[in-house]
1. Can you tell me which condition A:Gly58 does not meet? The list is (1) within 13 Å of another protein chain (Cβ to nearest Cβ); (2) closer than 30 Å to A:Glu288 by Cα; (3) more than 21 Å from the chain's Cα centre (by Cα), and all the others hold.
2. What number of residues within segment A:42-53 satisfy the criterion of being surrounded by fewer than 24 Cβ atoms within 10 Å (Cβ to Cβ) and either of a type in the set (S, T, N, Q) or closer than 22 Å to A:Leu220 by Cα (or both)?
3. Give me the residue from segment A:78-88 that is open to solvent by 30 Å² or more (accessible area, probe 1.4 Å) and more than 7 Å from every other protein chain (Cβ to nearest Cβ) and, out of that set, farthest from ligand 1 (Cβ to nearest atom).
4. Could you list, ordered by first residue, the pairs with Cβ atoms under 7 Å in which the first is in segment B:1-18 and within 8 Å of chain A (Cβ to nearest Cβ) and open to solvent by 20 Å² or more (accessible area, probe 1.4 Å) and the second is part of a helix (DSSP H, G or I) and not aliphatic (A, V, I, L, M), at least 6 apart or interchain?
5. For segment A:1-48, which strands (runs of 3 or more DSSP E) that fit wholly inside it have 3 or more residues that are assigned by TED's automatic domain parsing to the domain that holds A:Glu160, of a type in the set (A, V, I, L, M, F, W, C) and near ligand 1 (Cβ under 10 Å from one of its atoms)?
6. Of the residues in segment B:283-301, how many are in a helix (DSSP H, G or I) and within 24 Å of the chain's Cα centre (by Cα)?
7. Are there any helices (runs of 4 or more DSSP H) wholly within segment B:302-363 with 1 or more residues that are within 14 Å of chain A (Cβ to nearest Cβ), and if so which?
8. Does A:Val74 satisfy the criteria of being open to solvent by less than 40 Å² (accessible area, probe 1.4 Å), within 16 Å of ligand 1 (Cβ to nearest atom) and of a type in the set (Val, Ile, Thr)?
Amino acid sequence: MTAIETYELTKEFNGLTAVDNLSLKIKKGELFSLLGPNGAGKTTTIRMLSCLLNPTNGKIKVLGYNAIEQPYEVKKVIGVSPQETVISEFLNSWENLELIGNLHKMDKKTIKERSKELLETLGLMERAKDPVHKLSGGMKRRLSLIMALIHDPAILFLDEPTLGLDPQSRRAIWKYITKFKGEKTILLTTHYMEEADQLSDRIGIMDEGKIVALDTPEKLKEKYSKKRSILVRGKNIEKVKGKYRIENNGIIIDDGNIKDIVEHLSKEGVTIKSIRIEEPTLEEVFIEITGKELRE
Amino acid sequence: MILALTSRNIKEIFRNKMRIGFLLGMPLAFMLIFNVAFGSSGEEIMDVGIINLDDSEISTTFIEAMGTISGINMISYDNEENALKDLKDGNILAYMGVPEEFGDNMMLIWNNQEAEINLKIKYDETLPNTASKFISIIRTYTLQFSGVSIPINIDSDPINISYEKNLVNFFAPGIVIFGLMVLIPTAGGMITHDKEKGFMERILTTPVSPTQILLGYSLPLFIVALIQIAIYMGAGFALGMRVYGNIFLLFAVYMLTALWCIGIGMIISAWAKREDQAEPFSWIFMIPVAMLSGLWFPLEGMHPIVKTIANLFPSTYSVDAARALVLKGSEFSAISNSIYILVVTTMILFLVGIVLFKKLVVK
Ligand SMILES: Nc1ncnc2c1ncn2[C@@H]1O[C@H](COP(=O)(O)OP(=O)(O)OP(=O)(O)O)[C@@H](O)[C@H]1O
Ligand SMILES: [Mg+2]
């Protein structure tokens, strides 16, 4: 079943086309990641899907509701974690969560229970009673994220949820997201390729308002990245100069049997210190598809 | 949902020391300046008039000894007319008349015979503190002088001091209304701040309607306004303001003022993109409006164009209605036009505010 569907979705800002004829189907329970360089149109897409921005053209359906004509129905089922950290500065963490809970007409008891669970999961409990303007940037970020989760929405829009977080927090969030994978429909944007690779069912790579590649992480890597290669480091590498490709004081071998490689190199007089198999990465895919130039 | 937002905004206002300090400090500061300018401090020496209608030695002694009381400075008058004129001009705060038979009657009392003495005191009603201080001084003094308490006849008919002279009453409504107009930059700034920081978008991803959102901002500011009005009224009374009309009606006029101010702030916030646009713009709008709508000085005698412009601002109707209530004790019927205009203006401002918010903020 389709949870989110866009049809020829377009947004123009004074002549600049931020989102260009985007047609996309995200299945129920799927975790879909939108990757793309700065200014690709990811946030603009999310803002249209969450009824914050009217499209210039096109249609949006969220759980069967037309987002343009029935925004209130859509807003009831979505949770949005904006790209910027957005919290109410003079409230404490409990009160921030309570506010969003109340706006979703949750009862007091459920709000309390959910808040407790979320604050604990993201390690905010200790400081939960401090006014949030006294929290660190990362703590604020974590609160901003769980404010999108408090009402347990069926659909989540997470715009760079782990931006600026420490590795521990990032892992806690990944773990939490993995917990309801398959259950909730999640649209995620991120610039951490590792994150997208680990979490996503499918990835759409966006550039200049268009989806330029769309597949599972594995298929994308298979299709766009160079083959896996073997990197050997050690002493007397110069002895095999000309026979092998040498880059950054390492020997790069595109394919082959490890045992044969070790034997051959030893014979040539190379003392091997380490051998690493380089897996294709999503980052390579990303660069391959969207190029190396900076975006304006 | 309105309540959830209201509760959030109340916390945001009251926990933000800058904001609440400004909102409640402003009225207090105004009143303080006001107090220094027009109020009388307790240590001041009172100028009082004395009219001696008795030629006896006793009355002369009575008056001479009275002159030594600290805190009052006596000025003698030959007749009541002159004393009344000085009282009306504000040269003296009160005067006392010593009756013709004062000496003879005093003698009779000292000889344990029946006699009646009435000291007549007339004072400026708008300064009740001063008057009561003066009366108590006289009471103590007559008791010391005569050994018996002499009935003091206090003439408490409001003496007809022309109202330009009655500064507290004249200026209080303008000050309160200007003070309430601080709600314009506050409402404008608060909503714009939340727009700028993305908080408004966050709220807009939840199923809340624009009307509910705007009410969620207006209600807390209205509560702040009630506190402000109470402070202004309290301070006004402490300074000797007297409301001749219905005080509840006056309260209602001030509440309407708060509402139209919030409405204007709302409209500014729909248009402004950043807080640092909304606040200065509000002030630039407020100052000339305050000047041109007779908040600080009466518009009588001004160029007709000024009056025509003034009629465009709701503040003109607020201050007219409030001043009529405070100074003239007008009935509802006399100010009903102003009140209707204020009610309609407030409704229009809120409607425009909501429509603009829907158009410009909820895209
Ligand atoms: N409100 C706006 N007015 C004008 N232009 C806008 C507006 N919002 C976005 N844009 C433009 O639309 C384009 C897409 O922006 P968007 O924020 O969607 O990019 P993004 O993919 O989220 O980028 P990032 O990775 O930097 O977050 C950009 O060129 C941006 O300048
Ligand atoms: Mg973005």
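The values are calculated or read from the model by the stated rules, or taken from the named source; none is laboratory data. Note that this is a predicted model, so its numbers are computed, not measured. Please note: Cβ atoms are built from the backbone with ideal geometry, for glycine as well, and neighbour counts cover all protein chains shown. Quick note on the areas: whole protein, heavy atoms, side chains included, nothing else; ligands and nucleic acids left out. Shrake-Rupley method; radii C 1.70, N 1.55, O 1.52, S 1.80 Å.
1. (1)
2. The total comes to 2.
3. Among those that are open to solvent by 30 Å² or more (accessible area, probe 1.4 Å) and more than 7 Å from every other protein chain (Cβ to nearest Cβ), it is A:Thr85.
4. Note: pairs meeting the criteria are B:Met1/A:Asn102; B:Met1/B:Gln212; B:Lys11/A:Glu95.
5. On the way: elements: A:2-13, A:16-27, A:31-35.
Fully inside segment A:1-48 and qualifying: A:16-27.
6. Our first condition is that a residue be in a helix (DSSP H, G or I); within segment B:283-301, this holds for B:283-292.
Within this subset, residues satisfying the condition of being within 24 Å of the chain's Cα centre (by Cα) are B:283, B:285-292.
Result for segment B:283-301: 9.
7. Numbers: elements: B:304-310, B:314-323, B:332-356.
So the answer is none; nothing clears 1.
8. Numbers: open to solvent by less than 40 Å² (accessible area, probe 1.4 Å): yes; within 16 Å of ligand 1 (Cβ to nearest atom): no; of a type in the set (Val, Ile, Thr): yes.
It is false that A:Val74 is open to solvent by less than 40 Å² (accessible area, probe 1.4 Å), within 16 Å of ligand 1 (Cβ to nearest atom) and of a type in the set (Val, Ile, Thr).
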